[in-house]
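These notes are about the structure you will find just below.
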Amino acid sequence: MPKEDKNSPVHHNAESFLRQITPVQGKVFAYIISRWPNRADAEEIMQETMTTLWSKYDDYEQGTDFLAWAVTVAKYKIMSWRKKKAHQALQFNEEAMKVLDNRSNEFLKRYDTRIGALKECIEKLTKSDKTLIELKYFKELPVKRISIRYGITPRAVYKTLSRVHSLLMRCVRRNLGEVAVHE
Amino acid sequence: MNSDKRLIGELVLQALEGCISEEDFNRLQEMIIHDPAAQEYYFEFLTGYIGLIDHEKVDFETQGQSDYYSSLLNEFADYEMTAPAVEIELPTPEKAPVKMLKVEKTPRVINKFSVYSAVISTAAALIFLMLFVKIAPTTGWSVATITDSMNAQWSPSEHPTEIGDRLWNNEGTRWLLKGTIKIAFDYGAEVIIEGPAEFELDGGDEMVLHSGRLYATVPKGAAGFTVQTPYSTVIDLGTEFGVEVDFDGSTDVHMFKGKASLIPGAIGEKGDGIELTAGQAKEVTKTSQVRELGLQQNAFVRRMDSKTGFLWRGENLNLADMVGGGNGLGTGRVGSAIDPLSGQMRPTPQFDERDGTNKYALVRNCPFIDGVFVPDGEFGPVQVSSQNHYFEDCPDTGNQFYADIVNGGRVKDRRDPGIKSYTALLFNDQEYGTSRHPALLLHSNGGITFDLEAIRQLLPEAEIVSFTSLCGLTDVVRPRAAEYINRLKADFFVLVDGEVRFEHKGVRQADEPDAIKIDLDRKDRFLTLIVSDGDGGYGEDYSFFAEPVLILK
């Protein structure tokens, strides 16, 4: 295998790309999954987006908003995915997509601070809630498996997970001093 | 809004998992379109979700969580009361022994998002990602600990694996060439694997057995533990089971406790599960055909303790073997003995006229035997345990004895040196005192006390429910003794904590052996066996307890 040349243009380009993509990749994924709320599909779209971002990186005008460029690429990938899966998968209608587009900027703006506050909030969960979160997201046990383990229905697992998510979100808002007008 | 939020969360989670119905998806969509608060919560929820699936950003405790399952179960139980839909059928005991169970194999979820993070952390890796591959390698974590190991020999290509080592779920296939190991999964399942075996850990509560034999003990909190074999999958539903995989991939599953779902078919295939309940055993052939088998009670090592050399396959515990220095499972030496005067264990028994000392002698070299003694009630109650239990009505004997207490029955009698025969213990033409048919030779006058509490330490989960044995005088006596054979008599006693639970006085050589069965419970500590001379003399009292065993449940 040829030794990597750190002075090569490809290497410099890659380093530059990394500096740009690393801080925003979470937001790009958040954008994708908010419009296509199926994790497995969203990951595929993310991968396609990353591949295109890299292959088109030479076209990116340095100094402009990289996140905006990445989100635009992601938007086209989603559109293409919508066409491809038009008859195979559930997807939001145009009206819902418009609503989501309108709230998108606000969502992405708050993304980093909310993720930062999340860690602290997980620590505040009761141990049983933390155990469930661990089963689901760290051990990555499917809901069905968790339900078999406890001898209960998947629906009950979803309900509990939803409650724990709700607690986490409330904690995040409180920590960030956000007003929860809809509670 | 709180209840709506819970509903939104529930629906979003189902959508993310790819299992939302069209009706529920439309419901979610309507809420998002028309309710600004729902829109905000939708975005909030996704932020939290992404933060959680990208778990490098958050810390989880990875061990010691099992204590908290109970409170989760309580909450689940509350939801069960109102849950409108049941998506999987769980087995119900009232139904037929074999029924179809819908348990689908779920494809492994790979956190590709965190994979992106890892991969793009270096330029070289990024180039690799972009130019060559579209793959998602699995990430691993430690999921189990080797908690015991006996004579384990691993394939030379393996890293040495010892007690206390952590095992990861991405380490690939391991070859245990010989010996036995015990693995404790963090989620509670415990597995004993007997070599030769080829296995790998897969996920936090799942393993693959390519060949070999394992026994899984899965507490309720860890139900769902899964064993995959080349042509079947066993999903535990809170139970104990043994799995044996032949080198051609065919699989035998034996259910000892509880129930499990057996899914015939190769790894990754979906299929209907067959419920297995305690006492059942099935074979899955390499063509995925299922056949009935008889349960093999003693086929799997179910408990082990390398400190005591204990490997338990479900057998009852043999007390004669303990007299031979064993652990009750045949590890003792047939023919070895204990001196009733000193409590010393010795490799060959001594046969000689000796006087008792009226003292209870502790047996220090065997944890399962409390002590031995020569019973004689002439001067009052006789001590029968180290905790001062006494045999109140012990008969007055001559306080003499002739033989050590022996694990076995083929003993040479020095008084007939010209006869090259041995004194065998026979009942109805069946020889006892062999490794196959163990016996405890307790020539009068002699007594021995077993410490049931120490024996329970071997198998904390098992319960000693009874003591069973045959007892009597052997059918065979030396030719010289034939003259007075009709005069030979011996008294047999079995005591529990000093209380007589069985007695048969005046047993003669011609009598049929007694079948003893004494029920025991957890509070019973000391089991004492005594033989005293019933005729005023110990001569020729070759008395014994044949197959003296503790029955376990």
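The numbers here are math on the coordinates, done by the rules we state, and not lab data. From a predicted model like this one, the values you see are computed outputs, not experimental measurements. Because the Cβ atoms are built from the backbone with ideal geometry, glycine has one as well, and the counts that use them run over all protein chains shown.
In debye to the nearest 20, how big a dipole does chain A give about its Cα centre with +1 on each Lys and Arg Cβ and -1 on each Asp and Glu Cβ?
Charge dipole, chain A, about its Cα centre: 1060 debye, nearest 20.
Within 13 Å, Cβ to Cβ, of A:Asp65, how many net charges do the neighbouring residues add up to if Lys/Arg are +1 and Asp/Glu are -1?
+1
Nearest 10 degrees, 0 to 90: what angle lies between the long axis of helix A:94-124 and the longest principal axis of chain A (Cα atoms)?
Value to nearest ten degrees: 70.
Wrap a convex hull around the Cα atoms of region B:315-552, take a quarter of its surface area, and give that in square nanometres.
About 11.3 nm², averaged over all directions.
With +1 on each Lys and Arg Cβ and -1 on each Asp and Glu Cβ, how big is the dipole of region B:1-42 about its Cα centre, in debye rounded to the nearest 20? Before the final figure, lay out the partial values.
Values: 3 positive and 9 negative charges, 29 e Å.
With Lys and Arg at +1 and Asp and Glu at -1, about 140 debye.
Compute, for region B:315-552, the length of the dipole vector about the Cα centre, with Cβ point charges of +1 (Lys, Arg) and -1 (Asp, Glu) only. Units Debye, rounded to 20.
About 800 debye.
In what order do B:Trp175, B:Trp312, A:Trp36, B:Trp168 fall by count of nearby beta-carbon atoms within 10 Å, going from fewest to most?
B:Trp168, B:Trp175, B:Trp312, A:Trp36
Would you mind checking which residues have amide H under 5 Å from B:Leu167's amide H? H placed 1.01 Å from N; only 5 or more apart, or other chain.
B:Val143, B:Ala144, B:Thr145, B:Ile146
Quick one: net charge around B:Arg364, please, counting Lys, Arg +1 and Asp, Glu -1 for every other residue with C-beta under 14 Å from its C-beta.
-2
Any idea how far the Cα center of region A:81-107 sits from the one of region B:325-362, in Å?
Centre-to-centre (Cα) distance: 85 Å.
Can you figure out the FRET efficiency of B:Ser21 with B:Lys220, using R₀ = 30 Å and their beta-carbon distance, to the nearest 0.05? Write down the numbers at each step before the final one.
Values: r = 31 Å, r/R0 = 1.03.
It comes out at approximately 0.45.
Taking 2.2 N^0.38 Å as the expected size of a compact globular protein, what ratio does the Cα radius of gyration of region B:214-372 give against it, to two decimals?
1.50
If each of B:Arg291 and B:Lys359 carries a label point 7 Å out from its Cα toward its Cβ, how far apart are those two points in nm?
So the label points at B:Arg291 and B:Lys359 sit 6.4 nm apart.
Taking Cα atoms, how many degrees apart are the long axis of helix A:154-176 and the longest axis of chain A, rounded to 10 and kept between 0 and 90?
On a 0 to 90 degree scale, this one is about 70.
Per-residue Cβ counts within 10 Å, from other chains only, averaged over B:233-245: what number is that? Show your work: numbers first, answer last.
Numbers: counts 0, 0, 3, 2, 3, 3, 0, 0, 0, 0, 0, 0, 0.
Mean shielding count: 1.
Helix A:39-55 versus the longest principal axis of chain A: what angle, 0 to 90°, nearest 10, using Cα atoms?
20 degrees
Net charge within 13 Å of A:Met79 by Cβ-Cβ distance, Lys/Arg positive one each and Asp/Glu negative one each, not counting A:Met79 itself?
Numbers: positive: A:Arg35, A:Lys75, A:Lys77, A:Arg82, A:Lys83, A:Lys84, A:Lys85; negative: A:Glu48, A:Glu94, A:Asp101.
My count for the surroundings of A:Met79 gives +4.
Residues with amide H under 5 Å of B:Lys489's amide H, sequence separation 5 or more or different chain, H placed in the peptide plane at 1.01 Å from N; which?
So B:Lys489 has HN proximity to B:Gly534, B:Asp535.
Over its Cα atoms, what ratio of radius of gyration to 2.2 N^0.38 Å does region A:1-91 give?
Normalised Rg, Cα atoms only: 1.23.
Can you show me the helix-derived [θ] at 222 nm for chain A, built from DSSP H runs with n ≥ 4 at -39,500 (n - 2.57) apiece and divided by the number of residues, rounded to the nearest 500.
The helix-only estimate for chain A comes to -23500 deg cm²/dmol at 222 nm.
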